């Protein structure tokens, strides 16, 4: 029983390490992600100066966090496509375009959420 618990703890620790490595990779290699982090931090700061309730503020912050999530998904798609082949291929382009659209929709979502709460 104790061995299983220790194995579970090791597994959780390794999963955290892999997640951290992914976060470091995207931060070091993707300027768009760094820009999104800056946008997130500015929005986070601004949200605390706005006259909104805690739930609205949480929704506003999550809408910004969602942009970071979609940027990471977009990066993962790009890395996978580049791993398969760096040759130009119409389907590779479509996959990358869809990843980019994820980020665009996340931004549109944030804009709509902020406008709905603030207006």
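Mind listing whichever residues of region 46-56 are under 16 Å from residue 111 (Cα atoms) and either assigned to a helix (DSSP H, G or I) or within 16 Å of the chain's Cα centre (by Cα) (or both)?
Passing the criteria: 46, 47, 56.
Read through the list (1) touching a residue at least 40 places away in the same chain (Cβ under 8 Å); (2) over 22 Å from residue 21 (Cα atoms), then give the number of the only condition that residue 103 fails.
Condition (2) is where residue 103 drops out.
Listed here are the residues, each with its yes/no results for (1) crowded, with 16+ Cβ neighbours inside 10 Å; (2) within 18 Å of residue 101 (Cα to Cα); (3) touching a strand residue (DSSP E or B) at 6+ places or on another chain (Cβ under 7 Å).
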| position | (1), (2), (3) |
| --- | --- |
| 42 | no, no, no |
| 64 | yes, yes, no |
| 69 | no, yes, no |
| 73 | no, yes, no |
| 85 | no, no, no |
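Return yes when residue 59 is surrounded by fewer than 14 Cβ atoms within 10 Å (Cβ to Cβ), part of a helix (DSSP H, G or I) and modelled with pLDDT of 95 or more and no when it is not.
So residue 59 does not fit the description; no.
Do we find that residue 54 is exposed (fewer than 10 other Cβ atoms within 10 Å of the Cβ) and over 28 Å from residue 79 (Cα atoms) in this structure?
yes
Would you call residue 108 touching a residue at least 12 places away in the same chain (Cβ under 8 Å), farther than 19 Å from residue 27 by Cα and out of contact with any helix residue (DSSP H, G or I) (no Cβ under 8 Å at 6 or more places or on another chain)?
Against the criterion (touching a residue at least 12 places away in the same chain (Cβ under 8 Å), farther than 19 Å from residue 27 by Cα and out of contact with any helix residue (DSSP H, G or I) (no Cβ under 8 Å at 6 or more places or on another chain)), residue 108 does not qualify.
The values are calculated or read from the model by the stated rules, or taken from the named source; none is laboratory data. What you see is a predicted model, and the numbers here were worked out from it, not measured in a lab. Using ideal geometry, Cβ is built from the backbone for each residue, glycine included, and neighbour counts are taken over all protein chains shown.
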